[in-house]
Amino acid sequence: SQQGEEDPQALSIQEGENATMNCSYKTSINNLQWYRQNSGRGLVHLILIRSNEREKHSGRLRVTLDTSKKSSSLLITASRAADTASYFCATDAEYGNKLVFGAGTILRVKS
Amino acid sequence: DAGVIQSPRHEVTEMGQEVTLRCKPISGHNSLFWYRQTMMRGLELLIYFNNNVPIDDSGMPEDRFSAKMPNASFSTLKIQPSEPRDSAVYFCASTRPDRNEKLFFGSGTQLSVL
């Protein structure tokens, strides 16, 4: 079963708007990561946040983590058409050495 | 660095045929992962290796699937015999020694079993 579940499943916004995607997970984690997948391509790592961190920034990306609620959010500010892609959260269980991915959010940014 | 290299990019085969997917991880990465992606089930971890040794193959669907990593620079995922329900995109990913962080993915193999 998937560890992380994203919502919404799909999101359509205008260029320049902000996009927020959420991820919930079930078990304790060491870290949570976000990946992007363009159509027909492999996944690309965006950002990692550790279980003892609450917020992290990278360029136009802002990630938050609430371990008490077992949830994370990814905010993309000032979106661009090139941000159109699927976004996945991935978690590693405290045991083991593998990443489990959520179902993903499909983001469409209209120009 | 060329990144994770997978071949073939596309594979079309008939039910019952053997399929072999190939992966070359990034040099210096000692963990390698095989994932399968479908619309219905999303991204599923099939198996992963550390230092060429299979660590967890609990995601391998059934005995028709097998994976090997004979050396640090090459891995194969084999399906024999293939079935239409195996149709999916298969990804290989690698990461740095002793750190399950920042997976680097290949471009995937689009498998269609007719």
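Below is a table of values for the structure above.
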| quantity | calculated |
| --- | --- |
| Between A and B, accessible area buried - total, square angstrom, nearest 100, 1.4 angstrom probe | 1600 Å² |
| Net dipole in debye of the protein assembly as shown [+1 Lys, Arg Cβ; -1 Asp, Glu Cβ; about Cα centre; nearest 20] | 520 debye |
| Listed residue pairs exceeding 31 Å between alpha carbons, taken from B:68/B:102; A:70/B:24; A:56/A:110; A:69/B:78 | A:70/B:24; A:69/B:78 |
| Solvent-accessible area, 1.4 Å probe, carbon plus sulfur percent, for chain B | 50 percent |
| Per residue accessible area in Å² of segment A:31-86, where ligands, DNA and RNA are left out and the probe is 1.4 Å | 47 Å² |
| Shielded by partner chains, segment B:38-76 residues - at least 50 Å² of accessible area, 1.4 Å probe, vs chain alone | B:43 |
| Most mobile of A:81, A:19, A:90 in a GNM of chain A (Cα contacts under 10 Å) | A:81 |
| Dipole magnitude of segment B:1-106 about its Cα centre (Cβ charges: Lys, Arg +1; Asp, Glu -1), debye to nearest 20 | 320 debye |
| Candidates A:60, A:41, A:50, ranked by Gaussian network fluctuation over chain A, Cα under 10 Å, top entry | A:41 |
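The values are calculated or read from the model by the stated rules, or taken from the named source; none is laboratory data. Not measured: the values here are computed from a predicted model. A quick note on method: Cβ atoms are made from the backbone with ideal geometry, for glycine too, and the neighbour counts reach across all protein chains shown. The accessibility values were calculated without ligands, DNA or RNA, using every heavy atom of the protein model including side chains. Shrake-Rupley method; radii C 1.70, N 1.55, O 1.52, S 1.80 Å.
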